[in-house]
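The values are calculated or read from the model by the stated rules, or taken from the named source; none is laboratory data. Owing to the predicted nature of the structure, the values given are computational and were not obtained by experimental measurement. Neighbour counts are summed over all protein chains in view; Cβ atoms, including those assigned to glycine, are modelled from backbone coordinates with ideal geometry.
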């Protein structure tokens, strides 16, 4: 009986070894050359190529300059920016800014919410904050963004780990609007 059990154990080990060996042969091994020649598919992470530098207020304290890497999502315009504290390759994400055409925000956001959370880009963007573009292209970006409002979401960290807390940051120099000014743009 002991001998039969030992033979059965050896047979099971052999079968398992053959199965593992066959599986290893059928799984493709990807080399660096394969990765370089693979067809690239687009992803949501592509296209954050417009670099803007601007300080922000977080909890009443100025921080920055903050490095915005932005891309246009819709022609209205609707723009989204990933914001980092530096230009280092491994800089951590500290904020996200949603940049939306005034003709959209001023018709969908209340004045009270706008004054608390949004800011007008007319003054902020027009002061040479667009980076890494020729002057004529930087002016085109600044002109487009000056027709928008922005909402900045700030992420808090405990040391190097995000802790789940967020707040709305604000542009330096943000001025709350009066009803007449707010409605004036909403009708455009």
Checklist entry - Would the stretch 122-135 turn up any residue that is under 23 Å from the mean Cα position of the chain (by Cα) and modelled with pLDDT of 90 or more? => result no
Next on the checklist: Against the condition outside any strand (DSSP E or B) and closer than 17 Å to residue 171 by Cβ, how does residue 116 come out, does it pass?
Outcome noted: yes
Checklist entry - Being assigned to a strand (DSSP E or B), under 20 Å from the mean Cα position of the chain (by Cα), without any contact (Cβ under 8 Å) to a residue 24 or more places away in the chain and surrounded by fewer than 16 Cβ atoms within 10 Å (Cβ to Cβ), is that true of even one residue in the stretch 74-97? => result yes
